[in-house]
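J.: Take a look at this one; I'll ask things after.
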Amino acid sequence: MVMTPTSYYPTTNIKTSSWRTSKPVIDYSKCTRCMICWKYCPDVAIDIDENPKYAAPGERFLKMEAPFIDYDHCKGCGICAKECPFDAIEMVREGEDK
Ligand code: SF4
Ligand code: SF4
């Protein structure tokens, strides 16, 4: 029998968000694309959109890469919201989307 280390499994296929009670929502009108949220997310659940079409706090940010939440893997820990220096991420209870 060949044993396969669990780290070999394609974890992107496993959705790990089922127990989330609240989720982060980015207010792009405040997001300066500093990517601190991306750096701090312990679940690698923040991705980078290379061709963003979101709002921005100023014209110079409009063409910059922007973060977006991978809700299939975000567990709702809230670290990204706590670490965002521009208060651009709000935790919203599941089912109470804005
Ligand atoms: S930390 Fe806040 S301002 Fe920086 S990229 Fe993330 S959401 Fe945007
Ligand atoms: S709430 Fe936690 S798991 Fe979800 S994106 Fe933010 S830091 Fe990552």
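J.: May I ask you to say which residue of Thr16, Thr21 is more than 11 Å from ligand 1 (Cβ to nearest atom), within 16 Å of Lys75 (Cα to Cα) and surrounded by 12 or more Cβ atoms within 10 Å (Cβ to Cβ)? Before you say what the answer is, go through the steps one by one.
T.: Working: Thr21 fails: surrounded by 12 or more Cβ atoms within 10 Å (Cβ to Cβ).
Just a single option satisfies the conditions, and that option is Thr16.
Residue by residue, here is whether (1) under 10 Å from the mean Cα position of the chain (by Cα); (2) within 10 Å of ligand 1 (Cβ to nearest atom); (3) modelled with pLDDT of 95 or more holds:
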| position | (1), (2), (3) |
| --- | --- |
| Pro52 | no, no, no |
| Pro57 | no, yes, yes |
| Leu62 | no, no, no |
| Phe68 | yes, yes, yes |
| Cys74 | yes, no, yes |
| Cys80 | yes, yes, yes |
| Asp87 | no, yes, yes |
| Met91 | no, no, yes |
| Glu94 | no, no, no |
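The values are calculated or read from the model by the stated rules, or taken from the named source; none is laboratory data. In this text the structure is predicted, and so the values were computed from the model without any measurement. As a convention, Cβ positions derive from the backbone with ideal geometry for all residues, glycine included, and neighbour counts pool all protein chains shown.
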